[in-house]
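Colleague: To start, I am sharing the structure in question, which I have written as C-alpha cells.
The values are calculated or read from the model by the stated rules, or taken from the named source; none is laboratory data. Keep in mind that what you see is a predicted model, and the values were worked out from it rather than measured. In this analysis, Cβ positions are derived from the backbone assuming ideal geometry, glycine residues included, and neighbour counts consider all displayed protein chains.
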C-alpha cells in the first residue's frame, strides 16, 4: 500500500512506496522556527519516495549536514534531508502533516530533547535523544 502527500497548494506532491511504521518529533531551534512548532517527521529512504512538482521546491542548506525543502508557491515545509556522507545520507524526513492520511503510525522518538520548551510534553513515553547524541549520529566529523 502506498501513501501520498503534498504541500498546501498541491504544486508539490509525493508517493511513498511503503506504509509509515513510526514518526518522530524534533525540538531543535531550527525545526521549531521552520515548522512553527514541534516538527513531526517521518523518515523515508531516498529510494522509497517519488516526488512530483520538484521544480516547485526551494531548498535551504540549514546546516553543514542537511537541507530543508519548501514549496515556493505556498511556503509549506515539505521535507528535511540529510546531505552529509554516511549511513543517513539521502534520507528524507517528511513532515507528517503533509501526508494525506497519516494512518496509525505511532510517535516513537524525540530529538534534541534538551531544547524542548518546558510548556508541553507528550503523553506516551518515547525514545529521547539529547543534542549531543543527535550530533554524534548525524553531523559529519570536522
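Colleague: Against the condition in contact with a strand residue (DSSP E or B) (Cβ under 8 Å, 6 or more places away or on another chain), over 23 Å from residue 59 (Cβ atoms) and in contact (Cβ under 8 Å) with a residue 12 or more places away in the chain, how does residue 114 come out, does it pass?
Modeller: Here the answer is no, as residue 114 does not meet what is asked.
Colleague: Let me ask another. Could you tell me whether the stretch 24-43 includes any residue that is over 19 Å from residue 112 (Cα atoms) and touching a strand residue (DSSP E or B) at 6+ places or on another chain (Cβ under 9 Å)?
Modeller: No, because not a single residue in the stretch 24-43 is over 19 Å from residue 112 (Cα atoms) and touching a strand residue (DSSP E or B) at 6+ places or on another chain (Cβ under 9 Å).
Colleague: With the checklist (1) surrounded by fewer than 17 Cβ atoms within 10 Å (Cβ to Cβ); (2) touching a residue at least 12 places away in the same chain (Cβ under 8 Å); (3) farther than 23 Å from residue 2 by Cα; (4) more than 16 Å from the chain's Cα centre (by Cα) in hand, flag the one item residue 136 doesn't pass.
Modeller: Among (1) surrounded by fewer than 17 Cβ atoms within 10 Å (Cβ to Cβ); (2) touching a residue at least 12 places away in the same chain (Cβ under 8 Å); (3) farther than 23 Å from residue 2 by Cα; (4) more than 16 Å from the chain's Cα centre (by Cα), the lone unmet condition for residue 136 is (2).
Colleague: If you go through the stretch 122-133, how many residues are surrounded by 11 or more Cβ atoms within 10 Å (Cβ to Cβ) and part of a loop (DSSP other than H, G, I, E, B)?
Modeller: 4
Colleague: Among the residues of the stretch 1-46, what is the count of those that are modelled with pLDDT under 90 and either more than 21 Å from residue 88 (Cα to Cα) or surrounded by fewer than 14 Cβ atoms within 10 Å (Cβ to Cβ) (or both)?
Modeller: 7
Colleague: Just to be sure, is residue 52 without any contact (Cβ under 8 Å) to a residue 60 or more places away in the chain, surrounded by fewer than 17 Cβ atoms within 10 Å (Cβ to Cβ) and either out of contact with any helix residue (DSSP H, G or I) (no Cβ under 9 Å at 6 or more places or on another chain) or more than 16 Å from residue 95 (Cβ to Cβ) (or both)?
Modeller: Yes, satisfied.
Colleague: In contact (Cβ under 8 Å) with a residue 40 or more places away in the chain and surrounded by fewer than 19 Cβ atoms within 10 Å (Cβ to Cβ): does that describe residue 61?
Modeller: When the stated conditions are applied, residue 61 does not pass them.
Colleague: Might you check whether a residue that is surrounded by 17 or more Cβ atoms within 10 Å (Cβ to Cβ), within 25 Å of residue 125 (Cα to Cα), in contact with a helix residue (DSSP H, G or I) (Cβ under 8 Å, 6 or more places away or on another chain) and touching a residue at least 60 places away in the same chain (Cβ under 8 Å) occurs anywhere in the stretch 74-97?
Modeller: Among the residues of the stretch 74-97, at least one is surrounded by 17 or more Cβ atoms within 10 Å (Cβ to Cβ), within 25 Å of residue 125 (Cα to Cα), in contact with a helix residue (DSSP H, G or I) (Cβ under 8 Å, 6 or more places away or on another chain) and touching a residue at least 60 places away in the same chain (Cβ under 8 Å), which makes the answer yes.
Colleague: Now for a separate question. Yes or no: residue 102 over 15 Å from residue 30 (Cα atoms) and surrounded by 14 or more Cβ atoms within 10 Å (Cβ to Cβ)?
Modeller: Judged against the criteria, residue 102 is a match.
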